[in-house]
Structure formats: C-alpha cells, structure tokens
Amino acid sequence: MTTETPDAPAVLQLLPALAAGGVERGTLEIAAAQVAAGMRALVASSGGALVPALEALGARHVTLPLATRSPLGILRNAAAVAALVREERIAIIHARSRAPAWSALLAARRSGARLVTTYHGTYNEGLPGKRLYNSVMARGERVIAISRFIAEHLRARHGTDPARIRIIPRSVDPALFDPDAVAPARLAALRQAWDLPEDGPPVVMLPARLTRWKGGMVLVEAMARLPGEATAVLVGGAEPKREGYRAQLEALVAARGLGGRVRLVGHCADMPAALLLADVVVHASTDPEAFGRTVIEAQAMRRAVIASDLGGPRETVEEAVTGWRVPPGDPAALATAIHWVLSMPAGERAAVGARARAAVLAHNTVRAMQDATLAVYRELL
C-alpha cells in the first residue's frame, strides 16, 4: 500500500450505499487503485456492510444519506458534498448512481471540482421526467461507459459528445475466478448441497437474480424441449418484494414436469466453484444487459457460455470462438444451442472455454479496469 500525503490529489466517489453488488465492488477496486497510486481515496455513501473492507484498503468513508431521491435531500447532500470538497481539497468527484450524481453535479459547480460519472445501465424511462433524471449520468466532464453498447446508448439517448466518453468494460479478478484455484472440497460442498452427483447428468447453469427479465422462464421452457437428462441449476436469490416470481418459476417447473431436472438453489457465496460445476453456463436475459458480468465470470472459469444476442454480451461472446449467442426470449433456439454444445466432443468445448478465459485475461481484468479509470482521472488533474 502506498502512503498518501496531504498534498496528494483526492478523488471522492459517490454512491447510495456500500452493500454487496457490482457497483459497490467496483468502488472498492477503484479506491484500492487510488491508494496504491498515492492518491487520497474518499467514498461517500449511506454506509453498509462493505465500509470496513473499504477502510481496510486505506480509503476514508464519509456517511451521507445519498440513497435519498427527494429533491430536498439531493440539495442538502449537494451542500454537504461541496463542503467536503472544500475541506478535503478534493479534485475530482466520481458519481456512480443517479441521485448522488445530481448532488455531485451541483457540488462540482459550486466548488470547482471536476466531475466524472459512470453510466452503468440503460435506465428505465417509463415515467414522465425520467429521461431528464437519468441524464445526469451523461453530464460528467468524462463519462465512463461500461461497454460499447452503453457508449452508443449515450450518444443516441443523450447526444453525449463522443470526446467525453471513455469505454471501460466491467471486470473480474482472475485470481478469484481461476478454475485451477478451486479446491475439490468447495466443489463437493456444493454438489452435496444441490444434489448434483459427480457422475450425474450434464449441468446447465443460469447465474442470475430471480427477476423476470433475467430469463429464468426462458431456460425452464428450453429445458422442457431439451432431449436427454441434463439438469438446470438457477443460482441467484429473489429481489426484495419480488419473491412472487420464484413461485411462478416453481409453478412452471411443475407444469412442465421438470421437478427432477430444474433446481432453484438461491444465493451462492462461492460463485467460482458454482460455475466450475457447470457444463454450460447460460445468460438468458430478455432485455439488453449494459455489460453482463456473469458472462465474463463464467468465461474466466473456462466454461462454455451461451448468451442472449443483445446488449453487452455481444462484445464478450464471439460466436463459436469464446461462446455462442442465441435470439433473446426464444426457448427453442436456446434448447437447440444447449443440445449442440453438450453434444460437442469434450475437447472442443474445453477449447472454447480456454479461448474465453484468454479473452477475459486480455480485456476484462480488475487491473485493466483500475488502470483505465486512473487514466481518466489523470486527464482532469
């Protein structure tokens, strides 16, 4: 760890909370890179389980109610952020979510700090005023797009000048997602918990939250069409207030007579081991993913991946080279692809997995994401 000095440039990251999640993990990864580069790393949020991990990196956490979406709350937060910028001589504010980004924009204008935003998704615009609300994520002096798909979305939806956009893809830790580093005991524990015999049928895995657009029903319908005895394992918990979707999935499994071939196993804390149990990993989203981190996690584990042909996975899944793509929301096409991949000689499937991991190591490591983000900061310092 590099020791910071009082004169070191300071960067403040803003997000609603530091609970578990991809944005939150990315915030810690960037804070670690800032500290290693001799910068002063600050993060403001409403708090959460990851605060101790952040502080252990050498970063400072400032508690502010940044999860609020109320106009008055946003204005109060803007004043608090502007005061923090002046007190800590912060050079750059990096906003990672919409409500905090409005506070960041106002604080940057008041204090003279430079503003960076990261555009993480396509953001729903179903309600009046939502496009304006979302547009704050396109107002940074530099706007980080997490895929080429999002960069094009920025240009089309907000008219963002391409000169302000920097494409920095999502990443994985190749040491964590390393198929050679998973101890047999970890695999055995999951096999026992999920009733997956080592010499049992092939495993088709969907790692995703249990929410409709992630395509769980598409996979169940595909399994109903799939010849053979493959077992589908859906790994992921239900979103708060959406537990009813799990019941709908279970009802569909029963209606299709798949009770012995489809498992809904809930959240898994050991995703590298989980992915290593799969013969095929499926990404079945029916709406465009801004990036699709589960795809590169599976590829890092040398798994054969079949992904929906839309959004970010088009950039990480090269047809028949690092995986395969199928039309979204098409159970018949998905079943055909799964059957074809499972019928391949094991050596050919392994070769695709090896090429997929090599592609991740070349383009999607945490280190690459950290270096690219620090380069954006240096443009503004």
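Hey, does the range 251-270 have a residue that's in the same structural domain as L206 (by TED's automatic domain parsing) and within 24 Å of A320 (Cα to Cα)? Let's see the steps before the verdict.
As a first pass, look at the range 251-270 and keep what is in the same structural domain as L206 (by TED's automatic domain parsing): 251-270.
Next, only the ones that are within 24 Å of A320 (Cα to Cα) stay: none.
The answer is no, given that none of the residues of the range 251-270 is in the same structural domain as L206 (by TED's automatic domain parsing) and within 24 Å of A320 (Cα to Cα).
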- Note on the structure: The one condition R131 fails out of (1) closer than 22 Å to A290 by Cβ; (2) in contact with a Leu (Cβ under 6 Å, 6 or more places away or on another chain); (3) of a type outside the set (A, V, I, L, M, F, W, C) is (2)
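Identify the residue in the range 171-182 that is outside any helix (DSSP H, G or I) and aliphatic (A, V, I, L, M) and, among all such residues, is nearest to H363 (Cα to Cα). Explain how you work it out, then say what you get.
From the range 171-182, those outside any helix (DSSP H, G or I) are 171-178, 182; that's our starting set.
Remaining after also requiring aliphatic (A, V, I, L, M): 172, 175-176, 182.
Values: V172: 10, A175: 15, L176: 16, V182: 23 Å.
This residue is V172.
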- Message: Being within 24 Å of A298 (Cβ to Cβ), assigned to a loop (DSSP other than H, G, I, E, B) and at pLDDT 95 or above is the requirement here; does A185 meet it?
- Response: no
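Would you be able to say whether some residue in the range 302-323 is within 15 Å of R349 (Cα to Cα), free of Cβ contacts under 8 Å to residues at least 12 places away in the same chain and outside the structural domain of G22 (by TED's automatic domain parsing)?
Keep residues of the range 302-323 that are within 15 Å of R349 (Cα to Cα), which gives 302-306, 317-323.
If we keep only those that are free of Cβ contacts under 8 Å to residues at least 12 places away in the same chain too, we end up with 319.
Restricting the remaining residues to those that are outside the structural domain of G22 (by TED's automatic domain parsing) gives 319.
Yes, there is a match, as at least one residue in the range 302-323 is within 15 Å of R349 (Cα to Cα), free of Cβ contacts under 8 Å to residues at least 12 places away in the same chain and outside the structural domain of G22 (by TED's automatic domain parsing).
Please find, among A188, A145, A181, A193, the residue that is among the small types (G, A, S) and in contact with a helix residue (DSSP H, G or I) (Cβ under 6 Å, 6 or more places away or on another chain).
Details: A188 fails: in contact with a helix residue (DSSP H, G or I) (Cβ under 6 Å, 6 or more places away or on another chain); A181 fails: in contact with a helix residue (DSSP H, G or I) (Cβ under 6 Å, 6 or more places away or on another chain); A193 fails: in contact with a helix residue (DSSP H, G or I) (Cβ under 6 Å, 6 or more places away or on another chain).
Only one candidate passes the filter, namely A145.
Per-residue answers, yes or no, for (1) under 30 Å from P272 (Cβ atoms); (2) without any contact (Cβ under 8 Å) to a residue 24 or more places away in the chain; (3) surrounded by fewer than 16 Cβ atoms within 10 Å (Cβ to Cβ); (4) among the aliphatic types (A, V, I, L, M):
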site	(1), (2), (3), (4)
M137	no, no, no, yes
I150	yes, no, no, yes
R157	no, no, no, no
T160	no, yes, no, no
I165	no, yes, no, yes
P169	yes, no, no, no
A175	yes, yes, yes, yes
A181	yes, no, yes, yes
R186	yes, no, no, no
- Residues that are assigned to a helix (DSSP H, G or I), buried (at least 17 other Cβ atoms within 10 Å of the Cβ) and of a type outside the set (D, E, K, R), drawn from the range 349-365: V352, G353, A356, A359, V360
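Considering only helices (runs of 4 or more DSSP H) fully contained in the range 20-131, which possess at least 3 residues that are free of Cβ contacts under 8 Å to residues at least 12 places away in the same chain? Explain how you work it out, then say what you get.
Values: elements: 22-36, 51-56, 71-88, 98-111.
Of the helices (runs of 4 or more DSSP H) lying wholly inside the range 20-131, those with at least 3 residues that are free of Cβ contacts under 8 Å to residues at least 12 places away in the same chain span 51-56, 71-88.
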- Task: Give the range 85-97 a look and list any residue that's buried (at least 20 other Cβ atoms within 10 Å of the Cβ) and of a type outside the set (S, T, Y), or say none.
- Result: V85, I90, I92, I93, H94, A95, R96
- Message: I'd like to know if the range 99-120 contains one or more residues that are within 19 Å of the chain's Cα centre (by Cα), farther than 20 Å from V376 by Cα and at pLDDT below 95.
- Response: no
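For the range 145-167, which positions are over 18 Å from the mean Cα position of the chain (by Cα) and either outside the structural domain of Y119 (by TED's automatic domain parsing) or in a loop (DSSP other than H, G, I, E, B) (or both)?
If we filter the range 145-167 for residues that are over 18 Å from the mean Cα position of the chain (by Cα), which is where we start, we get 152, 154-165.
Scanning the range 145-167 gives G159, T160, D161.
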- Quick one: in the range 116-135, of everything that is aromatic (F, W, Y) and under 15 Å from V23 (Cα atoms), which residue is surrounded by the most Cβ atoms within 10 Å (Cβ to Cβ)? Y119
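I'd like to know if the range 330-340 contains one or more residues that are more than 19 Å from the chain's Cα centre (by Cα) and in a loop (DSSP other than H, G, I, E, B).
From the range 330-340, those more than 19 Å from the chain's Cα centre (by Cα) are 330-340; that's our starting set.
Restricting the remaining residues to those that are in a loop (DSSP other than H, G, I, E, B) gives 330.
Yes: one or more hits.
The values are calculated or read from the model by the stated rules, or taken from the named source; none is laboratory data. If you're wondering where the values come from, they're calculated on a predicted model, not measured in any experiment. Counting neighbours? That spans all protein chains shown, and the Cβs are built from the backbone with ideal geometry, glycine included.
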